[in-house]
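Only one structure is covered here, and it is reproduced in the block below.
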Amino acid sequence: MTEENEKEKLVFHERTEMIFKIIVIGDPAVGKTSLLTDFCGEKFKYEYIPTVGVNITKEPVTIKDDMGKDITVNLMIWDIAGQPQFYMLHRPYFNGADGMLLIYDITRSSSFSNINNWWSTSVKYGLSSIPRILIGNKIDLKDDRKIILPMAEHLSEKLGTQFFETSALTGENVKSIFQKIAELTLRSKLEE
Ligand code: G3D
Ligand code: MG
């Protein structure tokens, strides 16, 4: 690494306000809003942007860099309000996204197969190389599981995503997905 590059990195690390746009996509009722609510807790506050049909919330996440220093990353999380199929057509929702959470419900096969459609739409809007995580939600509903791990792992490999299973109900892995997307996004920015 050249000295110049090193300098750029440091400058980046020293920035106090780092904001990344994270979009949360997936079929209706997979638990997008519930995961956000669980993560943000009591101070959860949305701002509704009617022209785009989304709710936006900002949440700080602390990440340790390679030197063990804390970096605060603000996630500006975009959550589709109402009928996602309609908003899939809206460019402003996808424009400039830095990271993506692709969510399905492990008890509903259609929500899993539709991940391919959500992914295609993202690619259409030029997001094929941003950090992304595939998330199977509602793992507390053990008896109703339709999507087994190998299926999800196969898809995650195909789409080049990280993969997690979560429960917004019990809170299992919820922190991890937001922590991970913040980390991946920060890393990809540092590598740019
Ligand atoms: P969406 O934002 O993707 O449309 P929501 O989905 O967050 O509105 O959740 C849809 C329904 O699924 C809600 O139930 C919610 O409580 C439930 N849900 C979300 N996540 C989980 C989970 O991890 N486990 C279980 N068991 N249920 C979950 P209602 O009944 O309010 O419609
Ligand atoms: Mg919702």
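The values are calculated or read from the model by the stated rules, or taken from the named source; none is laboratory data. Predicted model, so just to flag it, every value in this text is computed and none were measured. Every residue, glycine among them, receives a Cβ derived from its backbone with ideal geometry; neighbour counts consider all protein chains shown. These area figures cover heavy atoms from the full protein model, side chains too; ligands, DNA and RNA do not enter into them. Shrake-Rupley method; radii C 1.70, N 1.55, O 1.52, S 1.80 Å.
Residue pairs whose Cβ atoms lie under 9 Å apart, sitting 6 or more positions apart in sequence or on different chains, and linking a residue in the stretch 148-166 that is open to solvent by less than 70 Å² (accessible area, probe 1.4 Å) to a partner that is of a type in the set (Lys, Arg) and part of a helix (DSSP H, G or I), are PHE164/LYS180. Among the criteria (1) open to solvent by 20 Å² or more (accessible area, probe 1.4 Å); (2) in a helix (DSSP H, G or I); (3) over 23 Å from LYS175 (Cα atoms), the one SER128 does not fulfil is (2).
Could you tell me how many of the residues in the stretch 167-185 are open to solvent by 10 Å² or more (accessible area, probe 1.4 Å) and part of a helix (DSSP H, G or I)?
Residues in the stretch 167-185 being open to solvent by 10 Å² or more (accessible area, probe 1.4 Å) and part of a helix (DSSP H, G or I): 6 in total.
One residue stands out among those in the stretch 48-81 that are within 15 Å of ligand 2 (Cβ to nearest atom) and more than 16 Å from ILE103 (Cα to Cα): the one that is modelled with the lowest pLDDT, which is VAL52. In the stretch 22-76, the qualifying residues are those that are free of Cβ contacts under 8 Å to residues at least 60 places away in the same chain and aliphatic (A, V, I, L, M), and the one that is nearest to ligand 1 (Cβ to nearest atom) is LEU36. Is there a residue in the stretch 145-157 that is within 22 Å of PHE39 (Cα to Cα) and at pLDDT 95 or above? No, the conditions are met nowhere in the stretch 145-157.
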